[in-house]
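Asker: Supplied in structure tokens, the structure appears directly below.
The values are calculated or read from the model by the stated rules, or taken from the named source; none is laboratory data. Everything quoted here is computed from the prediction, not taken from an experiment. Neighbour counts are summed over all protein chains in view; Cβ atoms, including those assigned to glycine, are modelled from backbone coordinates with ideal geometry. Please note that ligands, DNA and RNA were not included when accessible areas were found on the heavy atoms of the full protein model with its side chains. Shrake-Rupley method; radii C 1.70, N 1.55, O 1.52, S 1.80 Å.
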Amino acid sequence: MTRLLRRPIKISVAIDDRGGPRSFYGSGNYYEVVEVCNTWRVDADWWKRRIARIYYKVETREGLLCDLYLDEVKDAWYLERIYD
Amino acid sequence: MALATYVELHAHTFYSLLDGASPPEAMLDRAVELGMDCFAITDHDGLYGAVNFWLAARERGIKPIIGAELTLDGDFHLMLLAKNLRGYNSLCRLISCAQLSHGKGEASLSLKGLEEYAHDLIALSGCRRGEVASYLIEGRHEGAYEAATRYASIFGEGNFYIELQNHLLPDEAVLCAEMVDLANSLGLPYVATNNVHYASRDGYELQDLLVCIKERSTVEEPSEVRRPNSEYFLKSYEEMAALFQSYPKAISNTVEIAKRCEVDLGLREYGLPSFPLPEGETASSYLEKLCREGVERKYGPPRQKAWKQLDHELSVIRRMNLETYFLTVWDIMQWAKEKGIPAQGRGSAANSLVAYVLDITKVDPLRYNFLFERFLNPQGSSTPDIDIDFSTKHREEVIKYVYERYGEDHTGMVCTYYTFKRRQAIRDVGKALGFPEGVLDRLAKSVDHWAESLSDHIVTEMNLKGMEKSLPWEKFMSLCNQILHYPRHLGIHVGGMVITSQPLVELVPLEKARMPGRVVTQYDKDWIEEIGLIKIDLLSLRTLSLVHDALEMIEENHGIRIDPEKISLDDPVVFETLQKGDSIGMFQVESRAQRNTLPRLLPEKFEDLIVEVALIRPGPLQGNMVHPYLRRRQGREKVIYLHPSLESILEDTMGIIIFQEQVMQVAMAIAGFSAAEADSLRRAMSSKRSRWEMEKLRQRFMVGARLRGVEEKTAAEIFRQIAGFAEFGFCRSHAAAFAQIVYLTAWLKIYYPAEFYCALLNNQPMGFYHVSVVGNDAKRHGVKILPVDVNLSEERCATKGKDVRIGLSYVHGLGERTARLIVEERKNGPYESLHDFYQRTRIKRRRLENLIMAGAMDGWQIPRRELLWKLGLIYDEGDERAPQEKLELTFPSQKVEFSPLSPLQETILDYSILGLTTSDRQHPMCFLRGRLDKRGVISTAVLQDLSDDVPVKVAGLVVVKQSPATVRDLLFVTLEDEFGLVDVIVWPHIWKSNRRLIRRSAFLMVEGTLQKQGKVISILAKRLEEVRGATVKQSKVSRNFH
């Protein structure tokens, strides 16, 4: 089961030397990433409101499994999905 | 340079039609930036861009790897790379097999086909649509293992690689791991590729759009074949190494594979098959024998000059092993001659005495001092080019002969690439973006401005007022501009045929053409030539059909059989006519520019006609050479030479470069170019100009000129002149070949006008003018155009004494078959009435209506309206499939009175149904004349009597609109009134503010200033106005060249 957040939460992210998330801070909590399980990229809707996102499925030290993404259009990071 | 540590082995250029988004050159430029020194092209089911890629790669110091991604039965993809020439042969075979065994655009290769020709190839398992990857994605591991084992066995040890790709799709990391496991367990090597579809990330949008165009869908419609992100660009070693950090061997194997692939596309040795020779002859001895016979036939004694030139040419031909080539062309020409098919060599071949004495070309090269080296250059590496024009209606027979003579395995038609033009770009891009069709239709139909950028046109036409910055319009305009000139689909070239000694299918991939039963090569004519294969252009020229038809009619009407080759080329009457610019219908010299140049150049002899033909070409026009030449010819400007060494080259053209060979001679004289280098210069300036090549040649030219002591400024100016010229100009011999046809058509028009106009009308469309202008020109030359008549007309137009009767096939919608039926049935006696006609022909109602409205049944002396009424009654009676039961009503038909059509109505019907008016009708301008007189509008008849620079008002039917490529910001409009034609010059600002008016009005009134240069008259427009009152559609009468 996963929870897709109704509105992705904006987060602050510290990145590693390859641009992936090392740790992130959101909703008053700090998370350290212990593993990036998967990475994928989505580009869409370039003819109207361009979407360009790099997704990271990460596991945090607390055992939280979630999807973060870097929105290249807004140059901002978001937490989009949490796995139960 | 050391080998790069990553080589891209899977790249689709824009020759993966409507899928790849970058030209090969852009891919290679990016590869250079990334430090790759090998790179592969692997387009879908074809080697379309291979030669272009091969040349461009070598130019950039990159080793080209030739490959393709094939579609296999089951819709699986498989990547193939040629290891060597044999591998290239296999690749050509496999692609052709895939292409020819299915419908056009549905290539698919069977496993059996693959097994048969899998030699000397390296295969990669392909993208996600590869069989191995597909099965793994579906979880069918056994299938994947079986497929991999099968491919490994087909291609042999070390020749089949498992292909890993990672485009940051959610499942690709897992897929890669599974692919590597599979490879390891089967002992197969694996390799990384990026399945590149554009050079850099910013090509993503265009690629996505191209796929939508291909799928005929819009961007809003989801589709599996569209790629989900922008990762399909050419990546660096660092980027790829990062993506495949767990599999370093996948990266290093790209280099290993690249090292194993080496293909040279120089295929010269596979030229023509041997020619069937008489016993005891070699190709060389037989050619010499034929030439010697030809010299004796063509030249009277003394023949020393001819023998000397023949010996020289034969020695060059032997040195270049071209005997078979000449014999092959000779054989085709002989066959055509035996069949009575008009044919004539054009182009640089006319420089050759051998071509002349073999009856391939018609102009005596000795008489006009043609330069043989322009045709065959002993130092040159290029294949000679013989282009032959055949009468349009006979060309198909010639092609069939060549197929039969050399076998279908060794013969093929050359393809041509259709690229996106403005209208197509607007329609396709707009449709894919979901724009309303009405908007696109309006935009596409209104594109008529060369100079204006496409974006400017869209902004103006749609009155966007700042909206152009909104995202949809911005994307639309940007993508339209990007897509321009991209290849869209492939068709048959107008005449290029390639004949090879080795089976063609091993040298060039073949595919089906749209024409049933016809096969084309995937290389266009330039690439065929680049790889050294022999191509012969069997072109179609309608003028030769005209000449053929006219000569046949002359023989029939006058009992004289005219041999065009025996017509003397110095008839003063012909030159007097040409000097007047009275040239409508004549070959090459009827255009507005030519008509205006003739009275200024005043040709007096055949040599002048050669210049005339060559002068009005983009080369001399763009190089600003026309006006200086005319001024110098008229003695109004001093003849000067930019450098003394140019005098001998340009003496007979008064210091002006007019012919293509002069460009080469100038480069040789000023910069010390060898003949081969000069030829490279000419080729580099072809329509596919290579910036790299041009820059290299410019530098070489400047260095050479400096070494020869030519001032830098002078050298730069000379290079500027020749750079604007070259391929867009004619070579002298080609101009001469054309000039001969000009002369012939002029001669026919003067001495046999009825036969000339009749043949001209029967070979439409051709030339510069709409058929109505041809018809009106005939009337002005005393040839009556007689009305179409079901009892008098033939299927096609026919002469009647000094006049021409319009043929039945001219009636709109009738078609040749129905026209033939009417004529055939008439052999049983004339048609007595409408009822009789219907009973005997039973033709469709719409066609019969057109016959009535065109006046083809006026002979029964019944008003056309009454005939139409009666027609209704006939069809009511005769149509058994009438959808409704008839009401029992009686029509008082006897009492209905029908007024005849007015003369204006008859004229309008002529234009709309026949396309031209007959002599008993008046020009539509006659009906407007009274009204125009009151407004001070004068006719074209009085313009000659007025002086230069006076204000005038004229009006006429718009018959030509032209914005030549050489002066793109100007529009020339030709108006026709009841007395003749007048050209109107429309400056850009006037054009811009009257665009819609100019586009739509059938009749225009022009206020402007009269421009007179000797006998040449034109009007400089200041104000334009539509003249209403005669409903003729512009599209029915005007030819537009813009």
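Asker: Taking only DSSP H segments of four or more residues, each worth -39500 (n - 2.57), what value at 222 nm results for chain B once the sum is divided by all its residues, to the nearest 500 deg cm²/dmol?
Answerer: -13000 deg cm²/dmol
Asker: What FRET efficiency do you get for B:S470 and B:E279 if R0 is 56 Å and r is their Cβ-Cβ distance, rounded to the nearest 0.05?
Answerer: Step by step, r from the Cβ atoms, then E = 0.10.
Asker: Another question, if that's okay. Taking accessible area as the heavy-atom solvent-accessible surface of the protein chains with a 1.4 Å probe, which residues of segment B:152-183 lose no less than 30 Å² upon going from the isolated chain to the full protein assembly?
Answerer: Buried by the other chains: B:L168, B:P170.
Asker: For B:Y204, what is the net charge nearby, where nearby means another residue's Cβ is under 10 Å from its Cβ and Lys, Arg count +1, Asp, Glu -1?
Answerer: -3
Asker: Any of A:K10/A:K57; B:K104/B:K445; A:K48/A:K74 with alpha carbons more than 23 Å apart? Name them for me.
Answerer: B:K104/B:K445
Asker: Distance in nm between label sites at B:D202 and B:E157, each 7 Å beyond Cα in the beta-carbon direction?
Answerer: 5.0
Asker: Projecting each Cα onto the charge dipole of chain B (Lys/Arg +1, Asp/Glu -1 at the beta carbon, about the Cα centre), which of B:Q309, B:T714, B:G815 comes out farthest on the positive side?
Answerer: My answer, from the dipole projection, is B:T714.
Asker: Which residues does the label zone of B:R846 cover in segment B:779-820, counting backbone N under 20 Å from a point 7 Å along Cα→Cβ?
Answerer: What the label zone holds, given the 20 Å backbone N cut-off, is B:808-820.
Asker: Towards the positive end of the charge dipole of chain B, with charges on Cβ (+1 Lys, Arg; -1 Asp, Glu), say which of B:I998, B:T419, B:G407 has the farthest Cα.
Answerer: B:I998
Asker: Among the aspartates and glutamates, which have Cα under 18 Å from the Cα of B:K713 when same-chain residues fewer than 8 positions away are ignored?
Answerer: Here the aspartates and glutamates satisfying the reach criterion relative to B:K713 are B:E695.
Asker: For chain B, with the dipole built from +1 on Lys and Arg beta-carbon atoms and -1 on Asp and Glu ones, taken about the Cα centre, which of B:P599, B:I584, B:G559 lies farthest toward the positive end?
Answerer: B:P599
Asker: Still on this structure, please answer the following. Enumerate by residue number the GluC sites (Glu not before Pro) in segment B:803-877 meeting two conditions: DSSP loop (anything except H, G, I, E, B), and at most 14 other Cβ atoms within 10 Å of the site's Cβ.
Answerer: Here the GluC sites (Glu not before Pro) that fit, given the DSSP loop and packing criteria, are B:E832.
Asker: For chain B, with only Lys/Arg (+1) and Asp/Glu (-1) charged at the beta-carbon, what is the dipole magnitude about the Cα centre, in debye rounded to 20?
Answerer: 3460
Asker: Continuing with this model, one more query. Considering only C-alpha atoms, what is the centroid distance from segment B:57-82 to segment B:22-49, in Å?
Answerer: The two parts, judged by their Cα centres, are 10 Å apart.
Asker: Let me ask something else. On average, how much accessible surface per residue is there in chain B, in Å², for a 1.4 Å probe, leaving out ligands, DNA and RNA?
Answerer: Solvent-accessible surface per residue comes out at 42 Å².
Asker: Could you compute the FRET efficiency for B:S110 and B:E262, with r as their C-beta to C-beta distance and R0 at 25 Å, rounded to 0.05?
Answerer: 0.30
Asker: Would you mind checking the tilt of helix B:437-446 against the longest principal axis of the Cα atoms of chain B, expressed as 0 to 90 degrees and rounded to 10?
Answerer: Once rounded, one gets 70 degrees.
Asker: Moving on to the next point. Normalised by the empirical 2.2 N^0.38 Å for globular proteins, what value does the Cα Rg of segment B:287-358 take?
Answerer: Dividing the Cα radius of gyration by 2.2 N^0.38 Å gives 1.10.
Asker: Hey, another quick one. Do the alpha carbons of any pairs in B:K784/B:K827; B:K112/B:K259; B:K870/B:K961 sit beyond 31 Å of each other, and which pairs?
Answerer: Over 31 Å apart, Cα to Cα: B:K870/B:K961.
Asker: Restricting to Cα atoms and excluding each atom paired with itself, what does the Kirkwood estimate give for the protein assembly as shown in Å?
Answerer: In the protein assembly as shown this quantity evaluates to 34.2 Å.
Asker: Let me ask another. Full-extension gain between B:R60 and B:K605, please, as 0.36 nm times their residue separation minus the C-alpha to C-alpha distance.
Answerer: The span from B:R60 to B:K605 would gain 191.2 nm if fully extended.
Asker: Name the GluC sites (Glu not before Pro) in chain A that are in a loop by DSSP and that have at most 11 other C-beta atoms within 10 Å, would you?
Answerer: Counting only loop positions with at most 11 other Cβ atoms within 10 Å, the GluC sites (Glu not before Pro) in chain A are A:E62.
Asker: Which percent of the accessible heavy-atom area of chain A goes to carbon and sulfur, probe 1.4 angstrom?
Answerer: C and S fraction of accessible area: 46 percent.
Asker: Roughly speaking, what is the centre-to-centre gap between segment B:128-194 and segment B:725-773 when only Cα atoms are used, to the nearest Å?
Answerer: Using only Cα atoms to place each centre, the spacing works out to 63 Å.
Asker: Quote to one decimal, in nm, the extra length available between B:L970 and B:E138 on full extension: 0.36 nm per residue of separation minus the C-alpha distance between them.
Answerer: Stretched fully, the B:L970-B:E138 segment lengthens by 293.3 nm.
Asker: Find the relative contact order for chain B and round it to a whole percent, using C-alpha pairs within less than 8 Å whose residues are 6+ positions apart.
Answerer: Here the relative contact order equals 8 percent.
Asker: Within 10 Å of each Cβ in B:211-219, how many Cβ atoms from other chains are there, averaged over the peptide?
Answerer: 1
Asker: Then there is this: Can you return the lysines within cross-link range of B:K337? Criterion is Cα-Cα under 27 Å, with same-chain partners fewer than 8 residues away left out.
Answerer: The reachable lysines, counting only those whose Cα sits under 27 Å from B:K337, are B:K289, B:K298, B:K362, B:K393, B:K400, B:K525, B:K535, B:K566, B:K749.
Asker: Between A:R7 and A:L64, take the C-beta separation as r, use R0 = 22 Å, and let me know the FRET efficiency to the nearest 0.05.
Answerer: 0.70
Asker: Quick one: dipole size for segment B:151-302, taken about the Cα centre, charges +1 on Lys/Arg Cβ and -1 on Asp/Glu Cβ, in debye to the nearest 20.
Answerer: Roughly 620 debye, rounded to the nearest 20.
Asker: With all protein chains present, how much of the accessible area of segment B:252-383 (probe radius 1.4 Å) comes from carbon and sulfur, to the nearest whole percent?
Answerer: The value for segment B:252-383 is 46 percent carbon and sulfur by accessible area.
Asker: For the pairing of chain A with chain B, what total accessible surface becomes buried, with a 1.4 angstrom probe, in square angstrom to the nearest 100?
Answerer: That pair hides around 1400 Å² of surface in total.
Asker: Using a 1.4 angstrom probe on heavy atoms only, work out the carbon and sulfur share of the accessible area of segment B:389-507 in %.
Answerer: Solvent-exposed carbon and sulfur of segment B:389-507 make up 52 percent of the total.
Asker: Shifting gears a bit: Using a 10 Å cut-off on Cβ to Cβ distances, tally the other chain neighbours for every residue of A:32-45 and report the average as a whole number.
Answerer: Mean partner shielding for this stretch: 4.
Asker: With +1 on each Lys and Arg Cβ and -1 on each Asp and Glu Cβ, and nothing else charged, work out how big the dipole of the protein assembly as shown is about its Cα centre, in Debye to the nearest 20.
Answerer: My answer is approximately 3620 debye.
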